[in-house]
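Everything on this sheet refers to the single structure shown next.
The values are calculated or read from the model by the stated rules, or taken from the named source; none is laboratory data. Just so we're clear, the structure is a prediction, and the values are computed from it rather than from any experiment. Cβ placement follows ideal geometry from the backbone for every residue including glycine, while neighbour counts extend to all protein chains displayed. What goes into the accessible areas is simple: the full protein's heavy atoms, side chains included, and nothing from ligands, DNA or RNA. Shrake-Rupley method; radii C 1.70, N 1.55, O 1.52, S 1.80 Å.
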Amino acid sequence: MNVCIIGAGYVGLTTAAVLAKLGHTVHCVDENEQKMAALKRGDVPIYEPGLAELLTDYASRLFFHHDKQTYVQEAEVIFICVGTPSDSKGKPDVSYVNRAIADLTPHVNDKQTLVIKSTVPIGTNERIYNHLKNEGKHIRVVSNPEFLREGSAIYDSLHPDRIVIGLRHDDDRSLSVMQTLYAGIHAPYVVTSLSGAEMIKYAANAFLATKISFINEIARLCDAYGVDVVDVAKGIGLDGRIGPHFLQAGIGYGGSCFPKDVAALQQMAYEQNVRPYMLEATKTINDTQLNWYVQKIKRTLGHMSTKRIAVLGIAFKPNTDDIRESPAISLIKKLHAHGANVIAHDPKAVLPNVDVKQAKTIEEAIAQADALVVATDWDEYKQLNWAYVKQMMNGNVVIDGRNSLPREAIMNAGLNYIGVGRG
Ligand code: UDX
Ligand code: UDX
């Protein structure tokens, strides 16, 4: 098929690479001229495992453009993958989606399928359909949310747990268009209304965020009662009804999706006079988790103003250079504000304008440090040689903000291990 993708961010680029791999011809359009020029040269603007390889392997079917008109006109399927950031109140800002739709309206025709992948508030797809109809365009509209995790976006796109397709009740063609498009990907289809698909996306992210906040609350209780939350997560996670995923306690969830989507669903609830007690709690726990942990670090280290603290991790999670809503950066800022001499490190992410130094190597970060904090659970941090770490450091405190380090090995090296809710 001939596909046009509007918006070459994380989702748009991953979708483009995967559809090219499945055999389609993909034209990616993005208003960011610099980004498109880089992609044309073969440079990949983000770090996402496997993405650069796919873009190279399928370069003969993948094209990058700045101007969209021709590619929209010629496409059988058009994807909208522009961002939907939150405004200051947590409401999703759909202005990029609106602009993309307004721009393409004159160029679309009734034979095409328009797929909205951007996460949009409930009712947006219906509104887009009606807008196009009022403009005399009877193009089919499909809501097809993504569930890919940064850091494993390609794998998640090729092996999804399900494919969610939202359709209008009188649309008898789009499902087979989407099945042709995704032929080669084996996953159950969930077919629902346009608004149903939008709600599934928000509910999925809200549920995952809730699991994290739940285990973070249990971690606080575990700390108070001298219990190890890792044992508790294992003990409950083996119950098939609960499941083992997203029960890793830590310094809270971040990224471009969970904070934004929980806040968005909350706002949508208020708009309908529904009190979202669960979402409020999920957000409150996440908003307070870092302060709770910083208090614990303070109790361990005493006065921070005399301390040199190495913070390992800047990205919001491992295997990405994305720093949007990164708890690691919030932690760095808080430790710095408490007067600590912070030196940060990340294998891929770059610290934005913060008055803190970023070390080039882990050694440089930990040399003479009084404490080492792991804020993002990259593999290279889990695999450190702890005897060597002990030698390099001035102090002996290892703070595991992601409960991902080998506690026994750290303690055997003569270091003091502080996890999140580990008793
Ligand atoms: C995506 C989704 O679309 C968002 O709704 C979801 O919740 C998270 O994933 P993401 O891919 O992370 O967003 O966004 P981003 O990396 O910011 O990329 C968006 C791209 O769209 C950018 O490259 C931007 O230049 C481009 N864009 C934006 C356009 O081409 N046109 C516009 O009008 C606006
Ligand atoms: C998420 C969803 O998983 C994905 O399905 C959706 O499409 C986009 O949003 P992403 O934000 O890329 O993906 O990362 P994810 O792996 O979900 O992690 C989000 C945050 O939660 C990270 O800060 C991570 O460190 C944190 N997290 C995750 C925990 O604190 N504990 C866990 O057990 C899992």
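For the range 123-153, the set of residues classified as of a type in the set (Ser, Thr, Tyr) and within 16 Å of ligand 1 (Cβ to nearest atom) consists of Thr124, Ser143, Ser152, listed by residue number. When we screen Thr288, Thr300, Thr282 for residues that are away from ligand 2 (no atom under 11 Å from the Cβ) and either over 22 Å from the mean Cα position of the chain (by Cα) or aromatic (Phe, Trp, Tyr) (or both), the only hit is Thr300. Here the condition is being open to solvent by 50 Å² or more (accessible area, probe 1.4 Å), in a helix (DSSP H, G or I) and either among the acidic types (Asp, Glu) or touching a residue at least 12 places away in the same chain (Cβ under 8 Å) (or both); of Val191, Val230, it holds for Val230 alone. Could you grab me the full set of residues in the range 245-260 that are among the hydrophobic types (A, V, I, L, M, F, W, C) and farther than 12 Å from Phe316 by Cβ? Correct list: Phe246, Leu247, Ala249. Consider the range 348-407 and keep the residues that are part of a helix (DSSP H, G or I) and under 27 Å from the mean Cα position of the chain (by Cα). The one that is farthest from Ser152 (Cα to Cα) is Ala365. Quick check: is even one residue across the range 19-28 modelled with pLDDT of 95 or more, part of a helix (DSSP H, G or I), within 16 Å of ligand 1 (Cβ to nearest atom) and touching a Phe, Trp or Tyr at 6+ places or on another chain (Cβ under 9 Å)? Looking for residues that are modelled with pLDDT of 95 or more, part of a helix (DSSP H, G or I), within 16 Å of ligand 1 (Cβ to nearest atom) and touching a Phe, Trp or Tyr at 6+ places or on another chain (Cβ under 9 Å), one finds at least one in the range 19-28, hence yes.
Applying the condition of being of a type in the set (Ser, Thr, Tyr) and under 22 Å from the mean Cα position of the chain (by Cα) to the range 125-159 and asking which residue is nearest to ligand 2 (Cβ to nearest atom) yields Ser152. Screening Ala315 against (1) within 16 Å of ligand 1 (Cβ to nearest atom); (2) small (Gly, Ala, Ser); (3) in a strand (DSSP E or B) leaves a single unmet condition, (3). Scanning the range 146-186 for residues that are aromatic (Phe, Trp, Tyr) and open to solvent by 50 Å² or more (accessible area, probe 1.4 Å) gives Phe147, Tyr155. Please indicate, with yes or no, whether at least one residue in the range 38-46 is touching a strand residue (DSSP E or B) at 6+ places or on another chain (Cβ under 9 Å) and surrounded by 18 or more Cβ atoms within 10 Å (Cβ to Cβ). Within the range 38-46 (the criterion being touching a strand residue (DSSP E or B) at 6+ places or on another chain (Cβ under 9 Å) and surrounded by 18 or more Cβ atoms within 10 Å (Cβ to Cβ)), the answer is yes, since at least one residue qualifies.
Taking the conditions exactly as written (touching a helix residue (DSSP H, G or I) at 6+ places or on another chain (Cβ under 7 Å) and crowded, with 16+ Cβ neighbours inside 10 Å), does Val141 satisfy them or not? Criteria met by Val141. When Ile46 is tested against (1) within 8 Å of ligand 1 (Cβ to nearest atom); (2) at pLDDT 95 or above, exactly one condition is not met: (2). Taken together, the residues in the range 85-94 that are at pLDDT below 95 and either touching a helix residue (DSSP H, G or I) at 6+ places or on another chain (Cβ under 8 Å) or within 9 Å of ligand 1 (Cβ to nearest atom) (or both) amount to 6.
Restricting the range 241-255 to residues that are more than 20 Å from Gly401 (Cβ to Cβ) and not charged (D, E, K, R), the residue that is farthest from ligand 2 (Cβ to nearest atom) is Ile242.
Under the condition of being open to solvent by less than 20 Å² (accessible area, probe 1.4 Å) and closer than 14 Å to Gly50 by Cα, the residues counted in the range 7-18 number 6.
Scanning the range 211-224 for residues that are more than 10 Å from ligand 2 (Cβ to nearest atom) and either without any contact (Cβ under 8 Å) to a residue 40 or more places away in the chain or closer than 29 Å to Ser118 by Cβ (or both) turns up Phe214, Ala224. Residues of the range 139-148 that are in a loop (DSSP other than H, G, I, E, B) and under 16 Å from Glu76 (Cβ atoms): Ile139, Asn144. When Ala328 is tested against (1) assigned to a loop (DSSP other than H, G, I, E, B); (2) touching a residue at least 24 places away in the same chain (Cβ under 8 Å), exactly one condition is not met: (1).
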